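A.B. asks: Got a structure for you, questions after.
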Amino acid sequence: MKKRRKVKLADHYAHRGFHDKPAIPENSMAAFRRAVEHGFPAEFDVHLLADGNLVVFHDEELERETGVTGQIEDYDLTNLRKLRLEGTDEQIPTFDEVLDLYEDTGLPLLIELKAAKGNHKALAEAVCKRLDTYRGEFVIESFDPRALMAVRKLRPNFIRGQLVQNFLKNREGLPFYQAVILTNLFFNLVVRPDFIACRFTDRRDPAVRLAVDKQGAREAAWTITTPEEYKAAVAAGCSPIFEQFNPDNI
């Protein structure tokens with residue numbers, strides 16, 4: 001078996017930027033500027049719009065963050081820029097804007113690919129192409145193993161991580177067979193993830209422990225929302241993905 005390459009994750013990542021709701025929305029430029037000011041690496045989510053632009057936003061549906069119904073993949077950038085985040089003046093950032101902010105800071109990024117409507121390959125291609133010219137440090141993750149397989153094929157040198165949780169306990173609308181496949185990391189053989197990004201409460205699941213303890217994948221833990229969880233994640237050897245507190249104050 002090919003020897004697993006060494007992977008360095010950041011000590012921690014600010015989840016969707018270092019937001020402070022409701023004044024500083026998640027995945028907003030204000031949240032990313034605040035993260036940079038505190039010297040925090042950041043985790044964030046990337047979607048591919050109908051016009052080919054890449055934007056930073058978590059949900060597929062727009063309503064929770066913008067109050068507007070509809071799916072983000074159906075928008076073009078011009079119309080998306082008319083929306084505001086959580087009642088503030090903040091717009092949905094572009095991928096370029098976040099990369100430009102972080103590029104010369106020396107702070108690493110954890111970039112989640114949010115595939116939808118079968119666009120996993122197109123999303124991976126667009127993100128990889130943009131990252132070819134990015135001078136900063138980054139790793140890529142996704143819940144969708146197809147997106148990670150595309151990254152592996154397109155840019156085998158990019159560090160990639162499989163996001164996972166126990167979908168059998170929390171189905172999130174998935175059919176049973178998909179919940180079984182994703183929970184048990186059945187695609188790891190072809191994805192060959194360098195790290196596993198796991199819901200911290202599910203990290204004892206057998207598939208996670210096999211990937212980390214037996215196959216040598218690194219481990220990140222989400223979403224860490226208290227100092228106590230942060231300490232537990234660090235003690236377990238994970239890179240915490242945190243929000244709602246400042247780890248520098250622990």
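Rule-based calculations on the coordinates, nothing more; no lab input. The structure displayed is predicted, hence computed values, not measured ones. For neighbour counting, all protein chains shown are included, and Cβ atoms are generated from backbone atoms with ideal geometry for every residue, glycine included.
A.B. asks: Assuming a ≥ b ≥ c are the square roots of the Cα gyration tensor eigenvalues, decide whether segment 1-55 counts as rounded (a/c under 1.5), prolate (otherwise, with a/b larger than b/c) or oblate.
C.D. replies: It is oblate, given that a/c is not under 1.5 and a/b is not larger than b/c.
A.B. asks: Percent antiparallel among DSSP beta bridges with both residues in segment 16-139, to the nearest 5?
C.D. replies: Given both bridge residues lie in segment 16-139, the antiparallel proportion sits at roughly 45 percent.
A.B. asks: Stretched out fully, how many nm does the piece from Arg64 to Gln215 gain, at 0.36 nm a residue minus the Cα gap?
C.D. replies: 50.6 nm
A.B. asks: Okay, moving on. Which pairs, out of Lys129/Lys153; Lys6/Lys153; Lys8/Lys169; Lys114/Lys153; Lys114/Lys231; Lys121/Lys153, put more than 21 Å between their alpha-carbon atoms?
C.D. replies: Numbers: Lys129/Lys153 13 Å; Lys6/Lys153 19 Å; Lys8/Lys169 30 Å; Lys114/Lys153 18 Å; Lys114/Lys231 29 Å; Lys121/Lys153 10 Å.
Pairs exceeding 21 Å: Lys8/Lys169; Lys114/Lys231.
A.B. asks: Then there is this: Under the rule of -39500 (n - 2.57) per DSSP H run of 4 or more residues, summed and divided by the residues of the chain, what mean residue ellipticity at 222 nm is obtained, to the nearest 500 deg cm²/dmol?
C.D. replies: -7500 deg cm²/dmol
A.B. asks: What fraction, in whole percent, of alpha-carbon pairs in the chain exceed 26 Å separation?
C.D. replies: In whole percent, the share of Cα-Cα pairs in the chain beyond 26 Å is 37.
A.B. asks: Related question: Using 0.36 nm per residue of separation minus the Cα-Cα distance, give me the extension gain between Glu97 and Val180 in nm, one decimal.
C.D. replies: Contour length minus the Cα-Cα distance gives 26.2 nm.
A.B. asks: If I take every Cα pair under 8 Å that is 6 or more residues apart in the chain, average their sequence separation and divide by the length, what percent do I get for the relative contact order?
C.D. replies: Reported relative contact order: 17 percent.
A.B. asks: Need one word for segment 53-142: rounded, prolate or oblate. Basis is the Cα gyration tensor (sqrt eigenvalues a ≥ b ≥ c); a/c below 1.5 gives rounded, then a/b vs b/c decides.
C.D. replies: Oblate, because a/c is 1.5 or more while a/b does not exceed b/c.
A.B. asks: Need one number: nm distance between label points at Thr88 and Arg33, each 7 Å from Cα along Cα→Cβ, rounded to one decimal.
C.D. replies: 1.0
A.B. asks: With labels modelled as points extended 7 Å from the Cα through the Cβ direction, what inter-label distance (nm, one decimal) is found for Ile250 paired with Gln71?
C.D. replies: In this crude label model, Ile250 to Gln71 measures out at 3.8 nm.
A.B. asks: Next question. Arranged by the count of other C-beta atoms within 10 angstrom, fewest first, what order do Glu86, Glu141 take?
C.D. replies: Glu86, Glu141
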